[in-house]
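A.B. asks: Have a look at this one.
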């Protein structure tokens, strides 16, 4: 029997990409809503409750409204918005973080897909804090470089317009007030004592991103690293991440040769179209930068949502995805 899927918000960037990823799949039946009824509460309610799994690709307020429409106890929700990522009772949809996170997805009825910036940040900070290498009260800072598709239809239209503003020709730093919407989950899920200093940058390319974490090595617990390996600080950190993510199909920790092949440059669009995430460790014994390179539309959004679906269904985790 096919799993009935409804995408609430199917005309947004993430909703469209999720819809595209079902092309060729014979294990799901998509329940569709006509364009003129896509904001009709009663029609959305009917389709949500007729589904086995509903994806929410909506603004936060609308996502909360959709959850309130659920009357069928068997309906499972996968929410791609910010609304429920730190809410009790919601699984955080990043199965590679720990066995507990994976089990929460397997058994859950409410799953919140991580934000794109948060995905890169989480992949780096959560293991370090969990292993006791990075203290929760370390003054964490991070920056990210992302393609303009992360801004949704409005930003895409701005960048691809024929007479666009000249300022779009150069990278632009944003969230200057340190109030980025992903900060809440970045702090809570990792267990940091305060929100990190976070500087995101959007640039003139479609998709792909790099989130980087700079660290002073004298503030790290070296004895915890030495349990994994010996060598320089970058070598020990690389070995730590390789061990932490061992056997995880969606996360690749790049070795020294692969890192050297970058020739000192890490492109933001290097994983565009790829649904996994690559981790690079660079620097020296005094200062290191650990970076996550992935696609903001892949592991950072629709790819992660489909991965969570596959886990729920008990099928091949990478089904319909590009690894």
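Derivation of every value follows stated rules applied to the coordinates shown; laboratory data play no part. Predicted model only: the values in this text are computed from it and were never measured. As a convention, Cβ positions derive from the backbone with ideal geometry for all residues, glycine included, and neighbour counts pool all protein chains shown.
A.B. asks: Just how far, in whole angstrom, is segment 170-249 from segment 128-149 if you go by their alpha carbon centroids?
C.D. replies: 3
A.B. asks: Using alpha-carbon pairs under 8 Å, 6+ residues apart, how would you state the relative contact order of segment 116-294 in percent? Working shown, then result.
C.D. replies: Numbers: 323 pairs, mean separation 51.1, N = 179.
Here the relative contact order equals 29 percent.
A.B. asks: Give me the three principal axis extents of segment 1-90 from the C-alpha atoms, as integers in angstrom, largest value leading.
C.D. replies: So the extents along the principal axes, rounded to whole Å, are 34, 26, 25.
A.B. asks: What does segment 207-323 give for Rg and for Dmax, in Å, if only its C-alpha atoms count?
C.D. replies: In Å, with Rg to one decimal and Dmax whole: 15.4, 46.
A.B. asks: Here's something else I'd like to know. What is the diffusion coefficient of segment 125-222 in µm²/s, taking the Kirkwood radius over Cα pairs and the Stokes-Einstein relation at 25 °C with a viscosity of 0.890 mPa s? Don't skip to the answer; put the middle values down first.
C.D. replies: Working: Rh = 15.1 Å.
Here the translational diffusion coefficient equals 162 µm²/s.
A.B. asks: Ok, one more. Compute the FRET efficiency between residue 98 and residue 137 as 1/(1 + (r/R0)^6), taking r as their Cβ-Cβ distance and R0 = 22 Å, and round to the nearest 0.05.
C.D. replies: About 0.55, to the nearest 0.05.
A.B. asks: If packing is taken as the average count of other Cβ atoms within 10 Å, what order do 291-298, 4-11 fall into, highest mean first? Could you put the intermediate results ahead of the total?
C.D. replies: Numbers: 291-298: 27.2, 4-11: 21.2.
Output ranking for 291-298, 4-11: 291-298, 4-11.
A.B. asks: Dividing the Cα radius of gyration by the Kirkwood radius, what Rg/Rh value follows for segment 53-122? Write out the running numbers ahead of the final one.
C.D. replies: Values: Rg = 11.8 Å, Rh = 12.3 Å.
Answer for segment 53-122: 0.96.
A.B. asks: Per DSSP helix of 4 or more residues, -39500 (n - 2.57); summed, then divided by the residues of the chain. What does that give at 222 nm, rounded to the nearest 500? Each step should come with its number before you reach the end.
C.D. replies: Numbers: 11 runs with 103 residues, N = 323.
Helix contribution divided over all residues of the chain: -9000 deg cm²/dmol.
A.B. asks: Using the beta-carbon distance between residue 36 and residue 184 and R0 = 35 Å, what value does 1/(1 + (r/R0)^6) give for FRET efficiency, to the nearest 0.05?
C.D. replies: On the way: r = 35 Å, r/R0 = 1.01.
Using R0 = 35 Å, I get an efficiency of 0.50.
A.B. asks: While we're here: Out of all Cα-Cα pairs in segment 116-294, roughly what percent, to the nearest whole number, are more than 23 Å apart? Numbers along the way, then the final one.
C.D. replies: On the way: 6726 of 15931 pairs.
Counting pairs separated by more than 23 Å, the tail of P(r) holds 42 percent.
A.B. asks: For residue 316 and residue 165 in one chain, what is 0.36 nm times their gap in residues minus the Cα-Cα distance, to one decimal in nm?
C.D. replies: On the way: separation 151, 0.36 × 151 = 54.36 nm, distance 4.46 nm.
Computed gain between residue 316 and residue 165 is 49.9 nm.
A.B. asks: Can you tell me the 0 to 90 degree angle between the C-alpha axis of helix 233-244 and the longest principal axis of the chain, rounded to 10?
C.D. replies: 40
A.B. asks: Something else about it: Compute log10 of I(q)/I(0) for the chain with the Debye formula, placing one identical point scatterer on every Cα and leaving out solvent, at q = 0.08 Å⁻¹, to two decimals.
C.D. replies: Normalising to I(0) and taking log10 leaves -0.37.
A.B. asks: Could I ask something else about it? Order these by the 10 Å Cβ neighbour count, fewest first: 277, 225.
C.D. replies: Ordered by Cβ neighbours within 10 Å, fewest first: 225, 277.
A.B. asks: Only counting other Cβ atoms within 10 Å, I'd like 67, 289 sorted with the fewest neighbours first. Provide the component values of the computation, followed by the final result.
C.D. replies: Working: 67 20, 289 16.
Lowest count first: 289, 67.
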